[in-house]
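S.K.: Sharing a structure with you now.
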Amino acid sequence: MRDNLLDPRAVLLHESAADRDEAIRRCGRALVDVGAVAEPYIDAMLEREQSISTYVGEGVAIPHGTAAAKEVVRHDAICVVRFPGGVDWGGEPVTLCVGIAAKDDGHVQLLAALADILLDPERARTLREATEVGQVMKELT
Amino acid sequence: MASIDSKDIHKIIVACDAGMGSSVMLASQLRKQLKGTGVTVEHTPVNEIPADADVVVCHSGLAARARVSAPDKVLVPFQIFLGDPAVTKLVATIKNGGTVDA
């Protein structure tokens, strides 16, 4: 895996958000902070969520931008943001967001790994309940 | 209504809005489930469905756009990104033989 795909600084395990938009902004901010995307990407993430929910099951959502917003992606990156208090994601309770910024296919392997985890309820629970950055890095990479 | 026999399915396209998130995830799962069948799985934005696609899989919220983009293709819409019954049925049909209807 590429070294800068999942920056440990983009793993935030004790966040809170009042609603879905705030949670998405938090994910976007994490991607901005590690230099993966420019500021406008955050709005693109909100826009993308309006069309179809990025909820993927097991309390996990994978917010990301639109096709047009790839222009402001500097490098493929993922952030992992956990909301222990939960966020109402269009009726689904979400406790973990895996935010995505991608213009190439650098993140494909990591998403495949995430899909495997989510199809295994035990592993999904471990990931959702992770309280250490190291645990998350180990599960996903 | 388009339909296709399982033996004529060689390429499945998972179509998505941005092609960077959920379609990538679903394509990786489909690829794994169809390993050994000779069927290739790719993911593309919904407005760039290639001409050689045999079956298009996309979220039901994108189905209308997929029908405009690829009117002659067999379309399998799904609601849930992982473990959707429509996708499970598609995989079973490819493996066991049968017809996939749009």
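The values are calculated or read from the model by the stated rules, or taken from the named source; none is laboratory data. The structure displayed is predicted, hence computed values, not measured ones. Cβ placement follows ideal geometry from the backbone for every residue including glycine, while neighbour counts extend to all protein chains displayed. The area values use the complete protein model at the heavy-atom level, side chains included, leaving out ligands, DNA and RNA. Shrake-Rupley method; radii C 1.70, N 1.55, O 1.52, S 1.80 Å.
S.K.: In nm, what is the difference between 0.36 nm times the number of residues separating residue A:135 and residue A:71 and their Cα-Cα distance?
M.R.: 19.8 nm is the gain from fully extending residue A:135 to residue A:71.
S.K.: Using helices alone, what [θ] at 222 nm do you get for chain A, with -39,500 (n - 2.57) per DSSP H run of 4 or more residues, divided over all residues and rounded to the nearest 500?
M.R.: On the way: 5 runs with 53 residues, N = 141.
Using -39500 (n - 2.57) per qualifying helix, the result is -11000 deg cm²/dmol.
S.K.: Ok, one more. Run the Debye formula on the Cα coordinates of the range B:30-93, all scatterers equal and no solvent, and tell me log10 I(q)/I(0) at q = 0.12, 0.23, 0.26 1/Å.
M.R.: Those come out to -0.28, -1.06, -1.29, one per q.
S.K.: Compare A:77, A:115, A:68 in a GNM of chain A, Cα atoms joined below 10 Å, and give the one with the largest fluctuation.
M.R.: Largest GNM mean-square fluctuation: A:68.
S.K.: Continuing with this model, one more query. With every protein chain present, what accessible area does residue A:88 have (1.4 Å probe, heavy atoms only), rounded to the nearest 10 Å²?
M.R.: 100
S.K.: Let me see the pair-distance distribution of chain A: every alpha carbon pair, 5 Å bin width, integer percents in order.
M.R.: With a bin width of 5 Å, the distribution comes to 2, 11, 23, 25, 23, 13, 3, 0.
S.K.: Choose one of A:136, A:51, A:90: the residue whose Cα lies farthest towards the positive end of the charge dipole of the protein assembly as shown (beta-carbon charges +1 Lys, Arg; -1 Asp, Glu; about the Cα centre).
M.R.: About the Cα centre, the residue reaching furthest to the positive side is A:136.
S.K.: Separate question: Using the structure shown, list the pairs from B:73/B:95; A:138/B:95; A:138/B:73; A:138/B:35; A:103/B:7; A:103/A:138 with a Cα-Cα distance above 29 Å, or answer none.
M.R.: Numbers: B:73/B:95 20 Å; A:138/B:95 34 Å; A:138/B:73 41 Å; A:138/B:35 26 Å; A:103/B:7 34 Å; A:103/A:138 24 Å.
Violating the 29 Å Cα-Cα cut-off are A:138/B:95; A:138/B:73; A:103/B:7.
S.K.: Could you give the size of the charge dipole of chain A about its Cα centre, using +1 on the Cβ of each K and R and -1 on the Cβ of each D and E, expressed in debye and rounded to the nearest 20?
M.R.: Numbers: 15 positive and 24 negative charges, 40 e Å.
With only Lys, Arg, Asp and Glu charged at Cβ, the dipole is about 200 debye.
S.K.: Kindly write out, for the range B:3-10 in residue order, the coupling ³J(HN,Hα) from the Karplus curve 6.51 cos²θ - 1.76 cosθ + 1.60 (θ = phi - 60°), rounded to whole Hz, with x marking Gly and Pro.
M.R.: Coupling constants for the range B:3-10: 8, 8, 7, 4, 6, 8, 8, 10 Hz.
S.K.: I'd like the FRET efficiency for residue A:22 and residue B:37, computed as 1/(1 + (r/R0)^6) with the beta carbon distance as r and R0 of 41 Å, rounded to 0.05.
M.R.: 0.40
S.K.: When chain B is modelled as a GNM with alpha-carbon springs shorter than 10 Å, which of B:56, B:74, B:91 fluctuates the most?
M.R.: Top of the fluctuation ranking is B:91.
S.K.: Using only alpha carbon positions, build the gyration tensor of the range B:4-63, then give the equivalent ellipsoid semi-axes as the square roots of 5 times its eigenvalues, largest first, whole angstrom.
M.R.: Details: eigenvalues 68, 36, 16 Å².
Three semi-axes, in Å: 18, 13, 9.
S.K.: Now for a separate question. So for the protein assembly as shown, taking the charge dipole from beta-carbon charges (+1 Lys/Arg, -1 Asp/Glu), which of A:69, A:117, A:5 sits furthest toward the positive end?
M.R.: A:117
S.K.: A further question follows. Report the extension gain between residue A:105 and residue A:122 in nm, rounded to one decimal, defined as 0.36 nm multiplied by the number of residues separating them, less their alpha carbon distance.
M.R.: Working: separation 17, 0.36 × 17 = 6.12 nm, distance 2.79 nm.
Once the chain is fully extended between residue A:105 and residue A:122, it gains 3.3 nm.
S.K.: If the convex hull of the alpha-carbon atoms of the protein assembly as shown is projected onto planes in all directions, what is the mean projected area in square nanometres?
M.R.: The orientation-averaged projected area of the Cα hull of the protein assembly as shown comes to 12.3 nm².
S.K.: Moving on to the next point. Grab the DSSP H runs of chain B that are 4 residues or longer, score each as -39,500 (n - 2.57), total them, divide by all residues and round the 222 nm result to the nearest 500 deg cm²/dmol. Could you put the intermediate results ahead of the total?
M.R.: Details: 3 runs with 31 residues, N = 102.
Taking each H run of at least 4 residues, the total per residue is -9000 deg cm²/dmol.
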